[in-house]
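Novice: Below are the structure tokens for one structure; questions will follow.
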Amino acid sequence: MALVATKFSSIIMVVEDMQRDTMMMAVYNVRPNDESHWLPGRVVRVRNPYVRMASDDSTFLRIDNPSQTCSLQPGLAPVCWNCLKISTAKSSGGCAKCAKAHYCSRACQEADWKENGHRSACAFVRLGRAVVPL
């Protein structure tokens, strides 16, 4: 029986807790089939989070085995992919190409497309890959 090497990804993102305090979270060993689930607006429950101190004295969460320690909740909260504000009203709009990105305004959608790289990330999101390879 031959061993097959599986390529795992790492994802670094800004997260907020229930009190809306933000910090960085690094998720390692994300399975290729699970990459598409890590999108802005996804509620993630982390069991026994591991808090680390970064070199700049800020704290961040480190998740080494997300398949065992993270529970991704179904559905996405209406979070603007540009400004990260949570929308309480009906959807103001989104990306027509990938149908995943949500925006609170046309200005945010244009800024994300031009300045933040959704133009290049959009194709990967459409293919089911949430992470753009560097």
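Novice: Taking segment 45-64 as the search range and keeping residues that are open to solvent by less than 70 Å² (accessible area, probe 1.4 Å) and touching a Phe, Trp or Tyr at 6+ places or on another chain (Cβ under 8 Å), which one is nearest to Lys7 (Cα to Cα)?
Specialist: Asp64
Novice: Can you tell me which residue in segment 23-34 is most open to solvent (accessible area, probe 1.4 Å), limited to those that are within 14 Å of the chain's Cα centre (by Cα) and under 14 Å from Arg62 (Cα atoms)?
Specialist: Only one residue fits best here, namely Met24.
Novice: Can Leu39 be described as closer than 19 Å to Ile86 by Cα and in contact (Cβ under 8 Å) with a residue 40 or more places away in the chain?
Specialist: Yes, satisfied.
Novice: Quick check on segment 83-105. Is at least one of its residues without any contact (Cβ under 8 Å) to a residue 40 or more places away in the chain, assigned to a helix (DSSP H, G or I) and open to solvent by 40 Å² or more (accessible area, probe 1.4 Å)?
Specialist: There is no residue in segment 83-105 that is without any contact (Cβ under 8 Å) to a residue 40 or more places away in the chain, assigned to a helix (DSSP H, G or I) and open to solvent by 40 Å² or more (accessible area, probe 1.4 Å).
Novice: Here is a follow-up. How many residues are modelled with pLDDT of 80 or more and among the polar types (S, T, N, Q) if we restrict to segment 1-19?
Specialist: Looking only at that region, the number is 2.
Novice: Hey, any hits in segment 35-56 for a residue that's part of a helix (DSSP H, G or I) and touching a Ser or Thr at 6+ places or on another chain (Cβ under 8 Å)? Outline the logic, then answer.
Specialist: So the first thing to find is which residues in segment 35-56 are part of a helix (DSSP H, G or I), and the list is 35-37.
Add one more test, that the residue is touching a Ser or Thr at 6+ places or on another chain (Cβ under 8 Å), and what stays is 35.
Looking for residues that are part of a helix (DSSP H, G or I) and touching a Ser or Thr at 6+ places or on another chain (Cβ under 8 Å), one finds at least one in segment 35-56, hence yes.
The values are calculated or read from the model by the stated rules, or taken from the named source; none is laboratory data. Please read these numbers as outputs of a predicted model, since none were measured by experiment. Cβ: placed from backbone, ideal geometry, glycine included. Neighbour counts: every protein chain shown. Accessible surface areas use protein heavy atoms only, side chains included; no ligands, DNA or RNA. Shrake-Rupley method; radii C 1.70, N 1.55, O 1.52, S 1.80 Å.
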